[in-house]
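The values are calculated or read from the model by the stated rules, or taken from the named source; none is laboratory data. In this text, all values refer to a predicted model and were calculated from it rather than measured experimentally. Virtual Cβ from ideal backbone geometry, glycine too; neighbours counted across all protein chains shown. What goes into the accessible areas is simple: the full protein's heavy atoms, side chains included, and nothing from ligands, DNA or RNA. Shrake-Rupley method; radii C 1.70, N 1.55, O 1.52, S 1.80 Å.
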Amino acid sequence: MPLRAAALGRVAGFAAVVLGILAAMGLLSTRRGGGRSQDDLGIPTCPASAVTELLSPAALQCWLDAPNGRWRILGHESVHGAVVVHVKAAQLRDAEAIARRLVDDAGSGSSEILVYVTAEPPADPRLTRRIRWAPRRGFDALEFVAPLP
C-alpha cells in the first residue's frame, strides 16, 4: 500500500505540474491577444500566411488587427482587374487603414480596389464606409446608409 500511495502522489504531482504549465500558457496567450474572447464568434486570429496574403482563402477565416480594433474579410470578388472587398470591422474609422493594407497586398495588379466596411455591433449595421483606390486617383471615401427593407 505505501508504494501505491507514493505512486499516486507522484502521478498527482505530475498532473498538477502539467495543468499548471497549461494554465500559465493559456494566461500568456490571452495577454498576447491569442486567447479567444466571448465575442470572437469562434473565429481565430489570422496566421502569418493570411496576414501577408489578404486575398487568400486563409484570410477569409480569421481576425486581423487594425489601429482601433479587429477586422475580418467577409468576401471579395475580382472582375477585369477591379477588386471588391467586403469587410466587418470593430471601428469604421479603421476603414482607410484596412484599405491601405489591401492595396499594399493586392494593388500592384489591380486597376481599382473598392473596400466596403461595416462596423460590428453595437454600431448601426446599415452604415457602410467605402474606400476606393485607383493608381492615378489614390484614395477616396464615401459613407452611406442602406435603406430600411
**OP:** Quick one: Debye curve from the alpha-carbon atoms of the range 46-149 only, equal weights, vacuum; give me log10 I(q)/I(0) at q = 0.16, 0.20, 0.23, 0.24 Å⁻¹ to two decimals.
**Re:** -0.65, -1.01, -1.29, -1.38
**OP:** Using the Karplus curve 6.51 cos²θ - 1.76 cosθ + 1.60 with θ = phi - 60°, work out ³J(HN,Hα) for each residue of the range 50-58 in order, rounded to whole Hz, and write x for Gly and Pro.
**Re:** 6, 5, 9, 9, 5, 9, 7, x, 4
Original post:
How much of the DSSP beta bridge set in the range 82-149 is antiparallel, as a percent to the nearest 5?
Top reply: 65
**OP:** Could you work out how far apart the two model spin labels at residue 141 and residue 127 are, taking each label as a point 7 Å from the Cα in the direction of the beta carbon, and quote it in nm?
**Re:** 1.2
**OP:** Determine how large the accessible area of residue 128 is when every protein chain is in place; take a 1.4 Å probe and give Å² rounded to the nearest 10.
**Re:** 20
Subject >> Karplus 3J(HN,Hα) series, Hz, for the range 109-125 with 6.51 cos²θ - 1.76 cosθ + 1.60 (x for Gly, Pro) >> reply: x, 10, 7, 6, 10, 10, 10, 9, 10, 10, 8, 5, x, x, 5, 5, x
